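The values are calculated or read from the model by the stated rules, or taken from the named source; none is laboratory data. Only a predicted model underlies this, so the values are computations on that prediction, with no experimental measurement involved. Here Cβ is always computed from backbone atoms with ideal geometry, including for glycine, and neighbour counts include all displayed protein chains.
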Amino acid sequence: MSKPFDVCIRGGGVVGRTLALLLARERLRVALVARPVAPGNPTDSGASQDVRAYALNNASRQQLTSLRAWPDAPSATPVVAMQVWGDDGGRLDFSAPPGNAESALAWIVDVPALEQQLAEAVRYQPQIETVEAPVQAALTVICEGQKSTSRNEFGAQWTVKPYPQKAIAARLLSSLGHQGIARQWFHDGEILALLPIGGAEGNSLALVWSVSVERAGALEKLTPENFAAAVQTVCGAEAGRLELASGRSSWPLALSRAERWVGPGWALAGDAAHAVHPLAGQGLNLGLADAARLAAVIHGREYWRGLGDEKLLRRYERSRKADVAAMAAVTDGLHGLFAQEDARWQALRNWGMKGFARSGMFKEWVVRQAMGSASMHS
């Protein structure tokens, strides 16, 4: 008879696999409910067309590196500077602090490459067994994403505030090298980001463009040439001459959260617990911080307390809910501010961006927060 599992993780995405690796370090026997990934194949069929990219901060990078799951260059590209444009005259510039060769504002990571690294790490961890269906365990952790089918089973109510927007993702090639600069435009209620990818010397860009649902439908129907021209209209010449280098994917945007993250014998993590607007690029960082904190709480539990003890799990919930709520408030507030097309709001935004650009120490503090300088275990 096989040894019983300590933890069952439902969901084999980045957060689920990361948590499995962290808990295996604690010598816990982990069942990971996920589709197996064949060696050398990033995900299932069609993965080569995955155009998503994650912006990961320093804390996430350190965590994944410690698990030997950080992808090599050119699949992880450091962001050394960021430029943000608002309405006429509004602009912010950020740069990574000098003096540290490893410092960067963020790293833009290719999704299939990261998933493949995690799959390899899981494959060689004997404490983890990939299973096709949920199994009995002292603790079940749901990491199935926003569309989780398991939350209702545990009575976790899910609330959604839909935004009247969709995000469009694609890959572009530029006539110029990106130089590690991430660029973002807030324009007529839309948010367009061009993120450097393909290595520090590359000229590939990952596009994330938040537009109205109606405009998204129109953009998706454009020819590759006309779509690139539409992007160019927003960006001007700042990022060079652009051409579409991939297919396009899109998804609806919403601010979502679970009322309860934990209960006797179960917990939620990552997008199964919360989802925020992608304008700050913090979604996966929040999920990885969930995994780190839950693993830390389990590591520090009293010897007599079981893994599914609700009081233990509430330590995790209390710690993470505050951070997630703060980020949700920031992204929701910024979305609301920049979605306004009235000229008076534009003037206010312009004034705010200029004031922030001159704010000195406060601006430096924001940079440190964005980089994830604070420990994920705090």
Subject >> Members of segment 199-215 found to be of a type outside the set (Ser, Thr, Tyr) and surrounded by fewer than 21 Cβ atoms within 10 Å (Cβ to Cβ), listed by number >> reply: GLY199, ALA200, GLU201, GLY202, ASN203, VAL213, GLU214, ARG215
**OP:** Residues being in a helix (DSSP H, G or I) and in contact (Cβ under 8 Å) with a residue 40 or more places away in the chain: count how many of those fall in segment 225-240.
**Re:** 5
Original post:
Inside segment 107-119, can you point out the residues that are among the aliphatic types (A, V, I, L, M) and closer than 15 Å to ALA73 by Cβ?
Top reply: ILE108, VAL109, ALA113, LEU114
Original post:
Can you tell me how many residues in segment 226-277 are crowded, with 21+ Cβ neighbours inside 10 Å and on the phi > 0 side of the Ramachandran plot?
Top reply: 1
**OP:** Quickly run through segment 52-95 and pick out the residues that are more than 18 Å from the chain's Cα centre (by Cα) and part of a strand (DSSP E or B).
**Re:** ALA81, GLN83, VAL84, TRP85, ARG91, LEU92, ASP93, PHE94, SER95
Subject >> Which numbered condition LEU114 misses (of (1) among the aliphatic types (A, V, I, L, M); (2) within 24 Å of GLN184 (Cβ to Cβ); (3) modelled with pLDDT of 90 or more; (4) out of contact with any strand residue (DSSP E or B) (no Cβ under 8 Å at 6 or more places or on another chain)) >> reply: (4)
Original post:
Hey, any hits in segment 221-236 for a residue that's under 25 Å from PRO112 (Cα atoms) and in contact with an Asp or Glu (Cβ under 8 Å, 6 or more places away or on another chain)?
Top reply: yes
Original post:
Out of segment 146-176, which residues are outside any strand (DSSP E or B) and either of a type in the set (A, V, I, L, M, F, W, C) or surrounded by 15 or more Cβ atoms within 10 Å (Cβ to Cβ) (or both)?
Top reply: GLN146, SER148, SER150, ARG151, PHE154, ALA156, LEU176
Original post:
What tally of residues in segment 244-283 results from selecting those that are touching a strand residue (DSSP E or B) at 6+ places or on another chain (Cβ under 9 Å), part of a loop (DSSP other than H, G, I, E, B) and either among the charged types (D, E, K, R) or modelled with pLDDT of 90 or more (or both)?
Top reply: 10
**OP:** Filter segment 128-145 down to residues that are in a loop (DSSP other than H, G, I, E, B) and surrounded by 17 or more Cβ atoms within 10 Å (Cβ to Cβ), then give me how many there are.
**Re:** 2
Original post:
Are any residues in segment 1-32 within 16 Å of GLY300 (Cα to Cα), of a type in the set (A, V, I, L, M) and surrounded by fewer than 24 Cβ atoms within 10 Å (Cβ to Cβ), and if so, which ones?
Top reply: LEU22, ALA24, LEU28
